[in-house]
Structures are given as structure tokens and as C-alpha cells.
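Novice: One structure follows; several queries about it will come next.
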Amino acid sequence: MYHTKTSSFPKDFLWGASTSAYQVEGASLLDGKGPSCQDVKQIPEGTSDLTVCVDHYHRYKEDIALMAEMGFKAYRFSISWSRILPEGTGKVNQKGIDFYHNLIDTCLSYGIEPIVTMFHFDMPAALDDRGSWSNRDSITWFSDYAKLLFETYGKKVKYWLTINEQNMLTLVGPVIGTLRMPENCKNILKETYQQNHHMLVAQAKAMALCHEMLPEAKIGPAPNISLVYAASCKPEDVLAAQNFNAVRNWLYLDMAVYGEYNHQVWAWLKEHDACPEVTDEDKQILKQGRADYIGFNYYNTATVESCGHIELKENQQVDQQSGLIEPGMYTHYRNPNLSKTQFGWEIDPIGFRATIREMYSRYRLPMLVTENGLGAYDTLEDGKVHDTYRIQYLKDHIEQMQLAISDGCEMLGYCPWSAIDLISTHEGIVKRYGFIYVDRDEFDLKTLNRYRKDSFFWYQKVIKTNGDDLTIE
Ligand code: BG6
């Protein structure tokens with residue numbers, strides 16, 4: 001659809017950016033924090049560990065002041081479960097509670113809306129030892145944790161997000177350093193989707209609890225949603241794209257919005273004797289948990305073609321955005337129409353618009369972009385970082401989001417990844433995303449000083465003009 005006139009961004013549009021606790025805070029075992037699965041995982045070779053990150057724990061005031069200087073209306077961050085409950089359940093760590101009070105209060109003092117993710121890839125290690133999401137008790141662990149968050153921060157926080165990228169935890173958990181398989185597990189697919197089921201029920205419980213305890217607040221999921229294209233107009237490829245769309249995207253949103261399993265995914269699991277055990281109580285809980293909005297991370301689209309019952313290669317390279325294959329369902333296809341980042345992720349701004357349109361057609365809920373951004377090698381020279389490539393990426397995506405709004409889609413805000421440089425899920429600090437550069441290398445912590453990148457000033461102008469001026473100087 002071509003628009004002769006595009007709609008403006010809504011007046012109260014939430015311009016901001018995102019981070020997650022384990023990637024930005026550091027202080028990984030300080031002030032009573034218990035270890036999370038990220039602190040005990042095997043760190044990918046050649047990349048930094050997560051003990052200091054960019055030391056947001058000690059420098060959050062300076063960081064939030066810089067966000068305020070950019071004009072942020074919102075800051076999406078996550079709470080580290082094991083910082084406030086070192087064992088995951090039971091005894092509360094007051095210093096952890098205080099830290100997030102201070103962080104939230106600092107945001108509010110600048111008029112920045114805190115958007116809180118309750119769980120971003122960092123299961124308390126103590127709960128990992130008790131089986132993590134494979135243990136049905138995880139539903140209670142998570143809802144008790146959610147209750148504590150609502151009681152503690154409910155007066156100050158209006159926007160809540162449940163589980164970051166639950167779909168990626170399920171599809172590529174080992175890459176992220178999560179998802180535990182019990183020893184001698186015979187049906188890995190079934191076990192994986194049983195864990196996924198526990199997360200879905202836990203999320204629904206948290207949503208229902210939020211509505212009960214904080215009627216004014218809004219809560220939503222935060223999956224990684226990428227529209228899946230068919231590699232060709234061959235009908236078999238179209239079916240493959242539908243398959244991957246269902247497994248990757250709609251399973252999670254059908255559940256968060258309608259409280260129901262996606263029928264295609266259910267049929268596929270059934271075929272593999274992998275349906276999770278669902279109790280009557282689960283069904284009731286799933287129906288009670290309703291999202292008020294959809295938070296979603298978008299990096300690029302995926303393209304697939306049909307495939308038969310092929311053998312999977314060992315050590316197949318996969319991550320959140322690339323490489324996934326499911327024999328009999330779909331296999332990834334390199335889209336020749338798209339360029340790639342320095343780290344091999346495809347770039348597809350038009351796909352962003354298509355993804356937003358598709359989601360709105362299916363769910364009719366307002367949407368909040370909780371991540372979107374370019375991971376690149378940045379260079380600091382004379383205190384400056386000329387990241388025109390990042391500005392271009394963000395500009396192209398913001399333009400497409402505006403077109404999606406002009407198409408009639410309802411958008412609440414845009415929080416790209418990331419507010420400040422942080423440690424990537426599996427590629428270290430060198431894969432930088434921030435508007436703010438942090439002076440450190442992979443293994444040399446250097447000064448940890450902060451520098452405004454060119455994208456900082458550009459985004460400042462974008463926010464100031466509420467998205468009217470996207471020009472690049
Ligand atoms: C998302 C995650 O998958 O993508 C973030 O929610 C992550 O935690 C981001 O950092 C970028 O991925 P990566 O692998 O480049 O760090």
C-alpha cells in the first residue's frame with residue numbers, strides 16, 4: 001500500500017531503548033545477589049564473562065542521565081530474579097530490592113517510564129539445580145516472584161513484560177545459555193515443549209495476578225517475532241513458511257492473547273509424541289492470562305523452503321535469527337534480496353512493517369517494540385563513534401514502523417536494542433548495539449567511561465521531533 005500522506009507518531013509515543021540485567025549490570029555476585037544460569041554457564045570462547053559487563057549496577061545514575069539527555073520517554077530494563085531472591089524462592093535480598101527502587105526512581109525523576117521485563121534469560125542458578133523450567137514447580141516459583149515484583153514496584157511501574165523471547169529459549173536455548181535437559185531424557189522435543197508449557201502457564205498466572213493486583217497497569221509478553229517468508233511461490237514452500245510461522249511466532253502470541261495452543265504446532269507435536277501434559281487447572285489458568293499489549297523484539301525476517309525428512313548436521317550453526325531447520329517442516333533459506341550485518345544477520349526493514357501488519361491483523365492489540373537494532377564493531381576515535389551504519393538501520397526501521405502506523409496498526413512505542421553497549425548473548429562486547437559507547441574491550445575493562453555515539457545525537461533529534469525528522473546529517 002502506498003500512502004500519499006503518512007500518519008504521525010502518536011503524541012505520547014514511548015521513545016526509548018532497552019537493556020537486560022545480566023548483559024548490562026555486572027556486580028554479578030555483589031550485595032547478596034545469587035548466581036543466575038548466566039553466571040555459571042560456560043562462556044563462549046573468546047568472549048567476556050558477565051561479572052562486570054558495563055557496570056550499570058554502579059553507574060545507572062550516569063546512564064539514565066544520558067538517556068534523559070537523549071530525551072527518552074521510556075527505559076526497558078529487566079530485573080534480575082536472583083538479585084532480589086538469591087535462591088529464586090524464599091529469602092528476599094533487601095539490597096537487590098533497593099537497587100531496583102533506586103533505578104526506577106531515577107527514571108521517574110526524569111519523566112522516563114520504566115518498562116520492566118520480569119525474566120530475561122537469567123534463571124537463578126539455585127532453581128536451575130532444581131530442574132529449572134522442567135520442574136512443574138517453576139510455575140509457582142515464577143508467579144511468587146511476579147507477586148513480589150507487583151507488591152514491591154507496582155505503585156511505580158505501569159508497563160510489565162513477562163518473559164523475554166520465550167520462543168528463543170525454546171528454539172535455541174543452549175545458544176543463549178539456558179534450557180536444561182534432565183539426564184537420560186528420551187524425547188527431547190517433548191521435554192522442550194513441556195518446559196515451554198510451564199513457561200506459558202507461569203506467564204498466564206503472572207498476567208492474571210497483575211490484573212488483579214494492579215488494575216491500572218499493563219502487561220504483555222516479549223517474544224522475538226519475525227514474519228517468515230516462503231523461499232518461492234511453490235505451494236510447498238508456502239506451507240513451510242506457515243509451519244515456521246506457527247512454531248516460531250504464533251504459538252506464543254496465540255497463547256498470550258487467546259490462551260490457546262496453536263493448532264498447527266499442536267498437530268506437529270502430536271505427530272512426534274511430544275505434546276506437553278496439560279492439566280485442567282493449566283487450561284483454566286491459560287484462559288485467565290490475557291495480554292494488554294504485545295511487546296516484541298524484531299531483528300529481521302526469516303525465509304524458509306520446504307524440506308523432507310532430512311538428517312540434521314551435527315553442530316549446525318543456529319542462533320536467534322538464523323539457521324533453523326525442522327525436518328519435515330521447514331529449512332532455512334538465505335534470502336538473496338537482503339543484505340547482512342557484519343555478524344551475518346539479515347537486514348529487512350520492510351519486513352518490520354510486514355511483521356507489524358500481520359501481528360495486528362491476527363491480534364488487534366497495541367504493540368510495543370521491545371528490541372530492534374544493529375550489532376556492529378564500533379571504533380572510538382577522539383571520543384567519538386561515527387556509527388552511520390546504525391543510524392541508517394534505525395532510520396530505515398522507524399520509517400517502516402511509521403508506514404505500518406499509516407496502515408492502521410496501533411503502536412505504543414519503540415525501544416531499540418540497546419540503550420548502551422552491553423555484552424551480547426554469545427558474541428561478547430565487540431558486537432555493540434548501544435547509543436552510548438562504553439570504553440572496555442573483551443577482556444580489558446579499561447576506563448568503562450561513557451561516550452555519546454553519533455547515533456545518540458541523531459536519536460535525540462528523532463525523539464525531539466517525535467519522529468518527524470529522521471534525516472541523517
Ligand atoms: C535478543 C535478546 O535475542 O537479541 C538480547 O533478547 C540480545 O538479549 C539481542 O542481546 C541481540 O542478540 P545478540 O546475540 O547479538 O546479543
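Novice: Report the residue count in the stretch 317-359 for those that are closer than 30 Å to residue 420 by Cβ and either in a strand (DSSP E or B) or within 12 Å of the ligand (Cβ to nearest atom) (or both).
Specialist: Residues that pass the stated criteria total 14.
Novice: List every residue pair whose Cβ atoms sit under 8 Å apart, with the two residues 6 or more apart in sequence or on different chains, where the first one lies in the stretch 187-201 and is under 16 Å from residue 259 (Cα atoms) and the second, anywhere, is of a type in the set (Asp, Glu) and assigned to a helix (DSSP H, G or I).
Specialist: What qualifies is 197/282; 201/282.
Novice: For the stretch 157-173, indicate whether the set of residues that are part of a helix (DSSP H, G or I), more than 16 Å from the chain's Cα centre (by Cα) and surrounded by fewer than 21 Cβ atoms within 10 Å (Cβ to Cβ) is non-empty.
Specialist: Checking the stretch 157-173: not a single residue is part of a helix (DSSP H, G or I), more than 16 Å from the chain's Cα centre (by Cα) and surrounded by fewer than 21 Cβ atoms within 10 Å (Cβ to Cβ).
Novice: Continuing with the same structure: With within 22 Å of the chain's Cα centre (by Cα), crowded, with 21+ Cβ neighbours inside 10 Å and in contact (Cβ under 8 Å) with a residue 40 or more places away in the chain as the only criterion, which of 354, 302 stands out?
Specialist: 302
Novice: Restricting attention to strands (runs of 3 or more DSSP E) lying wholly within the stretch 360-459, give those where 1 or more residues are buried (at least 18 other Cβ atoms within 10 Å of the Cβ) and within 16 Å of the ligand (Cβ to nearest atom).
Specialist: Numbers: elements: 367-371, 411-414, 436-438, 450-452.
Of the strands (runs of 3 or more DSSP E) lying wholly inside the stretch 360-459, those with at least 1 residues that are buried (at least 18 other Cβ atoms within 10 Å of the Cβ) and within 16 Å of the ligand (Cβ to nearest atom) span 367-371, 411-414, 436-438.
Novice: Every residue in the stretch 40-78 that is in a loop (DSSP other than H, G, I, E, B) and in contact with a Ser or Thr (Cβ under 7 Å, 6 or more places away or on another chain), please. Show your work before the answer.
Specialist: Here is the first cut: in the stretch 40-78, the residues in a loop (DSSP other than H, G, I, E, B) are 41-55, 71-73.
Answer for the stretch 40-78, where residues must be in a loop (DSSP other than H, G, I, E, B) and in contact with a Ser or Thr (Cβ under 7 Å, 6 or more places away or on another chain): 50, 51.
Novice: What number goes with the only condition from (1) aromatic (Phe, Trp, Tyr); (2) under 17 Å from residue 197 (Cα atoms); (3) within 16 Å of the chain's Cα centre (by Cα) that residue 141 does not pass?
Specialist: For residue 141, the failing item is (3).
Novice: Return only the number of the condition from (1) away from the ligand (no atom under 16 Å from the Cβ); (2) modelled with pLDDT of 95 or more; (3) within 22 Å of residue 427 (Cβ to Cβ) that residue 304 does not satisfy.
Specialist: Here residue 304 clears every test but (3).
Novice: Which condition number in (1) surrounded by 24 or more Cβ atoms within 10 Å (Cβ to Cβ); (2) in a loop (DSSP other than H, G, I, E, B) is the one that residue 115 fails?
Specialist: Evaluating residue 115 over (1) surrounded by 24 or more Cβ atoms within 10 Å (Cβ to Cβ); (2) in a loop (DSSP other than H, G, I, E, B) leaves (2) as the failure.
Novice: Return the pair list, or none, for Cβ contacts closer than 6 Å from residues in the stretch 224-246 that are free of Cβ contacts under 8 Å to residues at least 12 places away in the same chain and on the phi < 0 side of the Ramachandran plot to residues that are of a type outside the set (S, T, N, Q) and away from the ligand (no atom under 16 Å from the Cβ), at least 6 apart or on different chains.
Specialist: Filtered contacts from the stretch 224-246: 238/230.
The values are calculated or read from the model by the stated rules, or taken from the named source; none is laboratory data. Being a predicted model, the structure only gives us computed values, none of them experimental. Cβ sites come from the backbone with ideal geometry, for glycine too, and all protein chains shown count toward neighbours.
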